[in-house]
1. All but one of (1) open to solvent by less than 80 Å² (accessible area, probe 1.4 Å); (2) more than 27 Å from Val88 (Cβ to Cβ); (3) more than 11 Å from ligand 1 (Cβ to nearest atom) hold for Phe74; which doesn't?
2. Tally time: how many residues in region 283-322 are open to solvent by 70 Å² or more (accessible area, probe 1.4 Å) and in contact with a helix residue (DSSP H, G or I) (Cβ under 7 Å, 6 or more places away or on another chain)?
3. So Phe74 passes all but one of these: (1) touching a Leu at 6+ places or on another chain (Cβ under 6 Å); (2) more than 16 Å from ligand 2 (Cβ to nearest atom); (3) under 23 Å from Ala51 (Cα atoms). Which condition number does it fail?
4. Tell me, which residue of region 31-57 that is open to solvent by less than 60 Å² (accessible area, probe 1.4 Å) and assigned to a loop (DSSP other than H, G, I, E, B) is nearest to ligand 1 (Cβ to nearest atom)?
5. Exactly one condition in (1) crowded, with 20+ Cβ neighbours inside 10 Å; (2) closer than 15 Å to Thr248 by Cβ is false for Leu332; which is it?
6. Taking region 1-30 only, how many residues are without any contact (Cβ under 8 Å) to a residue 12 or more places away in the chain and either near ligand 1 (Cβ under 10 Å from one of its atoms) or of a type in the set (Gly, Ala, Ser) (or both)?
7. Is there any pair linking a residue in region 134-162 that is open to solvent by 10 Å² or more (accessible area, probe 1.4 Å) and more than 15 Å from ligand 2 (Cβ to nearest atom) to one that is part of a loop (DSSP other than H, G, I, E, B) and of a type in the set (Ser, Thr, Tyr), with Cβ under 6 Å and at least six apart or on different chains, and which?
8. Restricting attention to region 1-30, and to residues there that are within 16 Å of ligand 2 (Cβ to nearest atom), acidic (Asp, Glu) and in a helix (DSSP H, G or I), which single residue is least open to solvent (accessible area, probe 1.4 Å)?
Amino acid sequence: MGRRILHMDMDAFFAAIEEKRRPELAGKPIVIGGRGDPHQRGVVSTASYAARKFGVHSAMPLQVAYRLCPQCIFLPVDYQEYVRVSSVIKKILREFSPVMEDIGIDEAFLDISDNPESSEEIAGKIKAGVKEKTGLTCSIGIAPNKLLSKLASDMEKPDGLTILYKKDIQDRIWPLAARKLLGVGPKTEKALQELGISTIGELALTPVEKLVERFGESHGYYLHQAAWGKDDSPLVTHWEPKSISSETTFQQDTDDLKILKKALGMLAGEVGQRLKEGNYKAWTITLKVRFSPFETHTRSKTLSFPTNAAPRIMGVALSSLLEFEGKKKIRLLGIRAERLEKPSAP
Ligand code: TTP
Ligand code: MG
C-alpha cells in the first residue's frame with residue numbers, strides 16, 4: 001500500500017486542558033500564558049478558539065492580548081499538567097505503531113505503513129482513545145510522507161481528519177500559502193514574496209534554478225521538492241540528548257550551606273545516575289542558581305577528562321556555588337551535565 005505517515009496535533013492544547021478541568025470555562029475565550037496576569041510581562045502560550053476570534057494568538061505579549069480581548073479569561077501555564085496529559089496521548093499513539101517521532105508537547109508523527117487497518121479506522125480509534133483518556137480533541141493528517149501529513153493535520157482543525165494522496169497535491173496543497181510548508185519561516189516567506197511567490201503552487205512552478213540561485217543549493221532544492229509534495233525523510237525515533245540535568249526548588253529560600261550541599265549532593269547523584277544509565281560521560285558541568293525571586297545565574301566548568309561520577313559532579317558544582325559571594329538567599333539549584341560523549345566499549 002506504500003508509505004503511510006500519520007501526524008497528530010492536539011487542538012488548542014493548553015487551553016483545552018484548562019477548559020476540561022474547569023467546565024465552567026467551556027467555550028469561553030481563554031488565554032494561557034505566563035503567570036496568568038495580563039498586566040504583567042509574559043507572552044501568550046495559546047488561546048482557545050473562542051479567544052482567537054479576537055485576534056489573540058501564540059507568542060503575542062499578554063498585554064496586547066488584553067487590549068484585544070479584555071473579557072478573555074487569563075490563566076497561568078501549568079506545564080507539569082500539560083506534560084502529564086502529553087504522555088498519556090503519546091502512549092495511545094504508540095499502540096498503533098512502534099515507530100513514532102515525538103516532535104512536541106502536543107504533536108507526533110506515527111509510521112502506520114505496517115498497520116493492517118485502514119487509515120480511517122486508525123484515525124478513528126486514536127481520536128476515540130484520546131477523547132476517552134483525556135476528554136480532548138485532536139486533528140489528524142495521514143499522507144505518504146511527513147511533510148504532507150503535517151499539512152493535512154492542519155487543514156480541518158479542530159477535531160479534523162484529512163487523508164491526502166499524491167494525486168491531491170495540485171488541488172489541495174498548491175492553493176495553500178507557501179509559509180505552511182515545513183522549513184518556510186518568516187525569512188524565507190519574505191524572500192519568496194519578493195520573488196512574487198505566495199502559494200505552494202507558485203513555488204512548485206518556479207524553476208528550481210531560480211530557487212537555488214536565491215536560497216542556495218540545499219534549501220532551494222528542498223523548497224522545490226517540498227512544493228511538489230516530495231519528502232522521504234525518515235521518522236526520527238531516537239534523540240541523543242544534548243545535556244542531562246536536574247534541579248530543585250527549596251520550600252523556603254535559603255543560604256544555609258548545609259542545606260545547599262545536601263541538595264547539590266542529591267542533584268549530582270541523580271545526574272550521575274542518568275548519565276550512567278545512558279552510558280554517557282560529560283565534559284562540562286553547569287551549575288544553575290536562582291536567587292529570589294527571578295534572578296538566575298549559570299556557571300560552567302569544563303573538565304580535563306569527562307565524568308559520570310556523582311562525587312566529581314558534586315565537587316565541580318560546589319566549587320561553582322562557592323564562587324558566588326554568599327549574600328542572597330537561594331531559591332533554586334540545578335546541575336546540568338553537557339558536552340556528552342559515549343565512551344566506546346573497552
Ligand atoms: P500548537 O499545536 O501550535 O497550538 P495549539 O495546540 O494551542 O492550537 P492548534 O489547535 O492550532 O494546534 O502548540 C501546542 C501547545 O504548545 C500550545 O497549546 C501552547 C504551546 N505553545 C507555546 O507555549 N508557545 C507557542 O508559541 C506555541 C506556538 C505553542
Ligand atoms: Mg496543537
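1. Only one criterion is unmet by Phe74, namely (2).
2. 1
3. Of (1) touching a Leu at 6+ places or on another chain (Cβ under 6 Å); (2) more than 16 Å from ligand 2 (Cβ to nearest atom); (3) under 23 Å from Ala51 (Cα atoms), only one is false for Phe74: (1).
4. Ranking the qualifying residues of region 31-57, first place goes to Ser48.
5. (1)
6. 1
7. What qualifies is Lys146/Ser233.
8. So the residue we want is Glu18.
The values are calculated or read from the model by the stated rules, or taken from the named source; none is laboratory data. Every value quoted in this text rests on a predicted model; they were computed, and no experiment measured them. Quick reminder, even Gly has a Cβ in these numbers, built from the backbone with ideal geometry, and neighbours come from all protein chains shown. For the accessible areas, the whole protein counts, side chains as well, though only heavy atoms, and no ligand, DNA or RNA atoms are used. Shrake-Rupley method; radii C 1.70, N 1.55, O 1.52, S 1.80 Å.
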